[in-house]
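Visitor: Below you'll find the structure I mean.
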Amino acid sequence: MSRINNRWFEHKSWLKRHKGLTVGLFVITILLFVAIFGHIYREQVLSVLGIEKTVEAEKPNVQEEMPVSEEEPTIDPKKPMIALTFDDGPSKHTKKLLNTLQENEAKATFFVVGENVERYPKIIKKVEKIGCEIGNHTYSHPNLTKLKPEKIKSQIRRTSNAVKDVLGHATYLVRPTYGAVNKTVVKNVQYPLIQWSVDTTDWQKKNAKAVEKYILKHAKDGDVILLHDIHATTVEAMETVIPKLKKKGFQLVTVSELAEARGVTLKDGKQYFSFQK
Ligand code: NI
């Protein structure tokens with residue numbers, strides 16, 4: 001009896017001596033319990049506190065971000081890649097081409113004409129939405145080498161502004177009309193001039209099979225391919241060309257992506273034809 005009492009007194013006196021520690025341990029236990037309980041029953045607790053809406057509002061943001069990262073497959077700089085470029089549009093055929101690109105997770109660059117940007121603003125939005133690039137192909141497609149400096153500048157500026165009105169940002173890359181460049185053009189365009197290394201002459205062929213055959217025969221790593229999305233036959237050709245190029249192991253990228261992957265910093269007033277290794 002006395003032993004038990006003694007032990008009890010010993011225990012009690014230990015508690016007294018370590019009062020601070022005891023209280024501390026008790027508080028930590030309570031906090032841990034609250035934290036675990038709160039975590040397990042998080043939604044119920046939040047709904048009781050009336051902040052359910054905040055939680056719901058956060059969810060769509062997370063979901064919105066997910067597909068974007070999934071949609072952008074990373075470019076492997078060691079693997080072969082090609083930049084398909086489409087001039088003179090957008091046109092009534094461009095939407096179909098964008099669907100083909102999207103279905104195949106392929107990218108391309110559209111060198112647009114300002115007049116057509118104003119006619120097809122929705123297409124311009126979609127071009128950017130699916131990760132494609134928009135370049136400048138003048139406002140009304142004149143031969144820039146036949147224009148005075150002021151006219152050259154306004155041809156570039158008007159298209160850049162038309163794109164800015166739709167997307168909120170200006171264009172950067174320029175494809176000179178007819179690939180025609182002289183000193184006056186270089187001096188007054190003041191942006192990187194993107195030419196091409198494979199001319200499909202799709203505008204002349206106007207035959208989907210012939211365009212397909214030409215690209216599959218000539219396209220190689222680092223090439224910039226010239227096409228025009230104002231022709232139904234070109235858009236039709238892309239339905240087979242794009243999956244076939246991918247099957248051959250080519251990554252289909254924008255001009256900027258191709259330049260970056262090859263370590264090329266695009267400079268204003270300089271011409272680029274291809275980006276081979
Ligand atoms: Ni053109």
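Bear in mind these aren't lab numbers, they're just calculated from the coordinates by the rules spelled out. It should be emphasised that the depicted structure is a prediction, and the values quoted were computed from it without experimental measurement. Quick reminder, even Gly has a Cβ in these numbers, built from the backbone with ideal geometry, and neighbours come from all protein chains shown.
Visitor: Please list, by residue number, everything in the range 101-124 whose backbone N is under 16 Å from a paramagnetic label point 7 Å out along Cα→Cβ of Asp165.
Guide: 112-124, by backbone N distance to the label point.
Visitor: Further, regarding this structure: Taking other Cβ within 10 Å of each residue's Cβ, how do Arg175, Arg158, Arg262 sort, fewest first?
Guide: Ranked by crowding around the Cβ, least crowded first: Arg262, Arg158, Arg175.
Visitor: Considering the options Tyr191, Ser256, Ala219, tell which one lies farthest towards the positive end of the dipole of the range 145-277, charges being +1 on Lys and Arg and -1 on Asp and Glu at the Cβ, about the Cα centre.
Guide: My answer, from the dipole projection, is Tyr191.
Visitor: Run the simple label-point estimate for Lys246 and Asp199 please: 7 Å along Cα→C-beta, distance reported in nm.
Guide: For Lys246 paired with Asp199, the spin-label model returns 3.1 nm.
Visitor: On to the next question. Neighbour counts of other C-beta atoms within 10 Å: give me Tyr178, Tyr191 arranged from fewest to most.
Guide: Lowest to highest Cβ neighbour count: Tyr178, Tyr191.
Visitor: Here is a further query. Could you estimate the translational diffusion coefficient of the range 192-253 from the Stokes-Einstein equation, with Rh from the Kirkwood formula over C-alpha pairs, at 25 °C and 0.890 mPa s, in whole µm²/s?
Guide: Here the translational diffusion coefficient equals 207 µm²/s.
Visitor: While we're here: For Leu97, what is the net charge nearby, where nearby means another residue's Cβ is under 13 Å from its Cβ and Lys, Arg count +1, Asp, Glu -1?
Guide: -2
Visitor: Hey, what D do you get for the range 68-212 in µm²/s if you plug the Kirkwood alpha-carbon radius into Stokes-Einstein at 25 °C and 0.890 mPa s?
Guide: D, rounded to a whole number, is 152 µm²/s.
Visitor: Now a separate question. Using a 10 Å cut-off around each Cβ, can you sort Thr74, Thr171 from fewest to most neighbouring Cβ atoms?
Guide: Thr74, Thr171
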